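Every number here is computed from the coordinates shown, using simple stated rules; none is lab data. Quick caveat, the model's predicted, so the values are computed rather than measured. Cβ placement follows ideal geometry from the backbone for every residue including glycine, while neighbour counts extend to all protein chains displayed.
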Amino acid sequence: MRSCLTREAQTLIRLSQVQRISSVFFGGGTPSLASPLTIAAVLETVSRCAHLAADAEITLEANPTSAGALRLSGFRASGVNRLSIGIQSLDDVELRLLGRNHTADEALGTLEEAKKLFPGRTSVDLIFGLPGQSVSSWARGLEELLQLCDDHVSLYQLTLERGTSLFKQVQRGSLPMPKQEVVAEMYESAREMLRDIGFRQYEVSNFARNGALSTHNLSYWQGSQYIGIGPGAHGRFVPRARGESLREARIQTLEPDSWMKEVLAFGHGTRKRTVLSQLEVLEEVLVLGLRTDTGITHQHWQQFAASLSLWDMFGSSEEVKELEDQGLLLLDNRGLRCSWKGLVVLDSLLLTLLNQLQQSWADRTAHRI
Amino acid sequence: MLSRVTRAAGVGVRLRRVCNAAALLCCQPCMEKCPAAHVVFSRPYSSQKEKLDMSIFPVENIRNFSIIAHVDHGKSTLADRLLEITGTIAKTDQNKQVLDKLQVERERGITVKAQTASLFYSYEGMNYLLNLIDTPGHVDFSYEVSRSLSACQGVILVVDANEIDLKNADPERVEKQIEKLFDISKDECIRISAKLGTNVEKVLQEVIEKVPPPSVNISDPLKALVFDSTFDHYRGVIANIALFGGEVQKGHKIVSAHTRKTYEVNEVGILTPNEQPTHKLYAGQVGYLIAGMKEVTEAQIGDTLYLHKQPVEPLPGFKSAKPMVFAGMYPVDQSEYNNLKSAIEKLTLNDSSVTVHRDSSLALGAGWRLGFLGLLHLEVFNQRLEQEYNASVILTAPTVPYKAVLSSAKLIKEHGKEEITVINPAEFPDKSSVSEYLEPTILGTIITPDDYIGKIITLCQTRRAVQKDMVYIDEHRVMLKYIFPLNEIVVDFYDALKSLSSGYASFDYEDAGYQAADLVKMDILLNGNSVEELGTVVHKDKAYAVGKAMCERLKDAIPKQLFEIAIQAALGSKVIARETVKAYRKNVLAKCYGGDITRKMKLLKRQAEGKKKMRKIGSVEVPKDAFISVLKRQSEK
């Protein structure tokens, strides 16, 4: 596995011809189960094929049980300088419901160790909207965590995944999910709590104080290129080595054994490549950019849409104006972004915006703008 | 002792009319005692292409019979075995429901279109012609059944002896029940297994012994009963006939008693169960006739055919089909209109009991209003449309034509008359310009065993009916007459009546003109804006129920939006029912990282496409099929 990871990393970095790697994220599943040696090997390959700054953000996703203190220091030694811990909940009953192997105490223990090894660079994940949760029980749990956490918090609403025991239980009706209004209330109260103690909500689900934003995740939302390595990884980059100039969306083969065979045979295990049209790239920039608090600046948009500014695209749309009037969206000299209220219902706003984007794009040759 | 049987009893039932002799079949309790099955017969022809000579079957050697059974009790399986034993069809494992040709019949396990088969059987040295007249088993088709039965002189009653909770059948118990219910001695029951073929040959023998031959005369003038008809694209209408007198052959000129039209016979034959031409058909025989008829309406079930210049007394019991259940039928999309139109035309070619009228709806476009003999008839029709013609249809409650007597001089001038007909709710004139509204009514006659009087009266009351008469026609049966507003009947009255009377109540109706009615126009509003397509005309008494139901269905059909949506049913400015669709308080994907992006983009783009197709009523976005879900007929089950 290790040699396949390094092999694929080498192949794809060379294919993309990028010269600088700004961040690395070890995630997807439970990578802390992988060994520090693997981490080290991958980082070594990356820094060989491109420039990896000494202070580039190198994150590892960890689950509390597999991340004992000794292991964590091992990872730090291998090059990791940021840790994301999947705490999920501080209630043991909820943890069992979610099918997690750790207890709340184990989670807090890991958090403490992590803060020592990665001060100011530890992030915690929490889930809300669980069956049996109330606004107050959620608030209590969050409060407890906020007293102990570092400078970065990610809050996620529970999404039921097909095939999980939780999904089946809810489907059967043996577990009632909290009502939509209640879940919305949980989210709202959490946002406000975090804001009140100095966290900046820089994305729909991500909060940071003292500048501890995740540069890696930010680059997704800013439409930067990224290379996905390993089974099932996703990527977005231009294969310049082949003389291409359009960005491609790539997915690596999901099944590990097949992926390894392909890497050994071809140097990489890319299962699917789709060329993204300029419009499709713009659509992604729009959808992802609006998830952040700064939204999409005019300069940022220009990088992707050269001839058409945000004003050109959205300035004259009645529907967009209505959304602005309702105080959900802002289009001004900074750019296009959601308001505090608007961020909560972003996916509804995006439908209007996507349609308008497509319309404006189609009209651009007709010089109707 | 007895080998295991799954079906009990073939029993004859005395037919009131023609024969006086009881048509009962004997019981043979032990299978071992049965004579060894012999399937020796002589066919009156050697190759299928040659025409049969039917004169070799004198009237005494003919038996016309039918099989009566409850749904799923094994009628068709028994028919399969009879066909096999007589060599009419080859004995293979594939013979299942051979007489049920329609896919819908095979799927639902019911007989819709009656098929007839002539069987040849040799018994004790004589060649017999046994005509099995298969009948539809559902109450919707009771008229067809009655006509088919009138061509028979006996029937086999099949009763399933299987019990659900017992592994083995209990024929003894069933025989006792039959004795009690039908007054047929259990000695006269035959225990058979149609699936295995056990004792089935015995059934044939009993038919020969117990069912009398038809009492008809070949020397009488031709008198033929039409008990079914089908349409063939190449040969025209094929009429199933039973001869009650005389004979018929190619070249004869025949006349329909009902239409008085004359035709020349092209072909006659028997059904085995496929068409097998013969030289002639003689009195007492059952078969088919092709005579240049172009539409099935020219060969109506129950009609009598006779020779030109030799008119006869028509056979009793003829009735024109009267629809009992109505529905609006619309194509899912107007682009499919022509496809649906031709499908309906083709299907009605073979079914003269469906009435068809053009109709249109603001929401759904151009369509039809169809009348059926009952709900099953409608469902089978709908299913056949989908399966055989690939047409998808929206079924709605049909409209009835209301009237209004105008009082406004201006409007009278506009329309050119004082009394106007209103079919489209949008044209419904306001109360202030109208002196009277009128709704169409019918005089309904219900005949029912008196056990059900209470329930029926209650049912009629809920349909705003007014009782006109109630009379005992014999010891146990009552005839009720009610004036019903037509719109209370059109959708599901007939079925409700049949349901609560276990099928025993009968219903007939005739037009009874118009009556004054407290009609109102009900509007549906979304956040204050009226949705024209959903406006309906209702009676004041029913407005709340209808309005509430429509609001509820709309609520389920309209997706959440960024603001609250008030759905209201209103009469003028008065709101009578209301539902609310709450606004989105949170609608944003929680996680959106590398692997999630592709999936999210797909979803968003699909939703954005859907949004483009929505209708905007005020600022409320309404999906196209929201209207359909409100207007469509609710399934009775």
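How many nm is it between the label spots at residue B:552 and residue B:578, if each spot is 7 Å from the Cα in line with the beta carbon?
In this crude spin-label approximation the distance works out to 1.9 nm.
May I ask for the distance between the Cα centers of the stretch B:259-328 and the stretch B:346-421, given as a whole number of Å?
Between the Cα centre of the stretch B:259-328 and that of the stretch B:346-421, the gap is 30 Å.
Residue-wise, which Karplus ³J(HN,Hα) couplings in Hz belong to the stretch B:433-438, taking 6.51 cos²θ - 1.76 cosθ + 1.60, θ = phi - 60°, and x for glycine or proline?
So the J values, rounded to whole Hz, are 9, 10, 8, 7, 9, 10.
If you scale each eigenvalue of the Cα gyration tensor by 5 and take the root, what three semi-axes come out for the stretch A:241-310, rounded to whole angstrom and sorted largest first?
33, 15, 9
Mind checking which of B:353, B:567, B:229 is farthest towards the positive end of chain B's charge dipole, using Cβ charges of +1 (Lys, Arg) and -1 (Asp, Glu) about the Cα centre?
Of the candidates, B:567 comes out farthest on the positive side.
Sorted from fewest to most neighbouring beta carbons within 10 Å, what does the list A:325, B:508 look like?
A:325, B:508
So between residue B:180 and residue B:515, what do we pick up on full extension, going 0.36 nm a residue minus the alpha carbon distance?
115.7 nm
Given a Förster radius of 22 Å and the C-beta distance between residue B:320 and residue B:506 as r, what FRET efficiency does 1/(1 + (r/R0)^6) yield to the nearest 0.05?
0.85
Once the Cα gyration tensor of chain B is diagonalised, what are the square roots of 5 times its eigenvalues, in whole Å and ordered largest first, as equivalent ellipsoid semi-axes?
Each semi-axis is the square root of five times an eigenvalue, giving 53, 30, 26 Å.
Only counting other Cβ atoms within 10 Å, I'd like B:312, A:80, B:268 sorted with the fewest neighbours first.
Listing B:312, A:80, B:268 from fewest to most nearby Cβ atoms yields B:312, A:80, B:268.
Using 1/(1 + (r/R0)^6) with R0 = 30 angstrom and r between the beta carbons of residue B:170 and residue B:499, what's the FRET efficiency to the nearest 0.05?
0.55
Express in nm, to one decimal, how much length is gained between residue A:274 and residue A:170 on full extension, taking 0.36 nm for each residue of separation and deducting their alpha carbon distance.
Extra length available between residue A:274 and residue A:170 comes to 33.8 nm.
Relative to the Cα centre, what is the charge dipole magnitude of the protein assembly as shown, using +1 at the beta carbon of each Lys and Arg, -1 at the beta carbon of each Asp and Glu, and rounding to the nearest 20 debye?
That gives a dipole near 1940 debye.
Residues of A:342-353, mean number of Cβ from any other protein chain within 10 Å of their own Cβ, rounded to a whole number?
Average per residue, whole number: 6.
Using 0.36 nm times the number of residues separating residue B:412 and residue B:443, minus their current alpha carbon distance, what extension gain do you get?
Length gained between residue B:412 and residue B:443: 8.1 nm.
For the stretch B:165-234 and the stretch A:261-312, write down the distance between their C-alpha centroids in whole Å.
Measuring centre to centre over Cα atoms gives 77 Å.
Only residues of the stretch A:110-127 count here: report those whose backbone N is under 15 Å from the spot 7 Å along Cα→Cβ of residue A:65, or say none.
Inside the label zone: A:110.
Once both labels are modelled 7 Å past Cα along the beta-carbon direction, what's the residue B:625-residue B:356 spacing in nm?
2.7 nm
Check residue B:587: other-chain or 5+ apart residues with amide H under 5 Å from its amide H, H built from backbone geometry?
A:345, A:346, A:347
Defining a contact as two alpha carbons under 8 Å apart and six or more residues distant in sequence, what relative contact order in percent does the stretch B:213-282 show?
Rounded, it is 26 percent for the stretch B:213-282.
Would you mind computing, in nm to one decimal, how far apart the modelled labels at residue B:95 and residue B:334 are, each placed 7 Å from Cα along Cα→Cβ?
Once both label points are built, they end up 5.4 nm from each other.
For B:412, A:85, A:251, what ranking results if the residue with the fewest other Cβ atoms within 10 Å of its Cβ goes first?
Going from sparsest to densest Cβ surroundings: B:412, A:251, A:85.
In angstroms, what radius of gyration and Dmax does the protein assembly as shown have, counting Cα atoms only?
According to the Cα coordinates of the protein assembly as shown, Rg and Dmax are 39.7, 116 Å.
I'd like the Karplus ³J(HN,Hα) series for the stretch B:285-293: coefficients 6.51, -1.76, 1.60, θ = phi - 60°, whole numbers in Hz, and an x wherever there's a Gly or Pro.
Ordered by residue, 3J(HN,Hα) equals 8, 10, x, 10, 8, 10, 9, x, 7 Hz.
Toward the positive end of the charge dipole of the stretch A:1-118, about the Cα centre and with charges on Cβ (Lys, Arg +1; Asp, Glu -1), which of A:56, A:6, A:23 goes farthest?
A:6
Looking at the protein assembly as shown only, what percent of DSSP beta bridges run antiparallel? Nearest 5 please.
Taking every DSSP beta bridge within the protein assembly as shown, about 80 percent pair in antiparallel fashion.
May I ask for the distance between the Cα centers of the stretch B:517-541 and the stretch A:164-203, given as a whole number of Å?
One Cα centre to the other: 41 Å.
Quick one: work out the % antiparallel among DSSP beta bridges in chain A, nearest 5.
Just about 50 percent of them are antiparallel.
Under the definition of Cα pairs under 8 Å and six or more residues apart, what whole-number percent is the relative contact order of chain B?
It comes to 10 percent, rounded to a whole number.
Enumerate the residues in the stretch B:278-300 having an amide nitrogen under 13 Å from the point lying 7 Å beyond the Cα of residue B:51 toward its Cβ.
B:278-282, B:290
In whole percent, what relative contact order does chain A give with Cα contacts below 8 Å and a gap of six or more residues?
12 percent
Between residue A:246 and residue A:20, what FRET efficiency comes out of the Förster formula 1/(1 + (r/R0)^6) with R0 = 22 Å and r the beta carbon distance, rounded to 0.05?
The computed FRET efficiency comes out at 0.60.
Return the Cα extents of the stretch A:212-369 along principal axes one, two and three, sorted largest first, each rounded to a whole Å.
56, 40, 24
List the trypsin sites (Lys or Arg not before Pro) within the stretch B:276-317 that fall in a DSSP loop (any state other than H, G, I, E or B) and whose Cβ has at most 13 other Cβ atoms within 10 Å.
B:294, B:309
Quick query: amide H of residue A:130 versus all other amide H atoms, modeled in the peptide plane; which residues come in under 5 Å with a sequence gap of 5 or more or a different chain?
Result for residue A:130 returns nothing.
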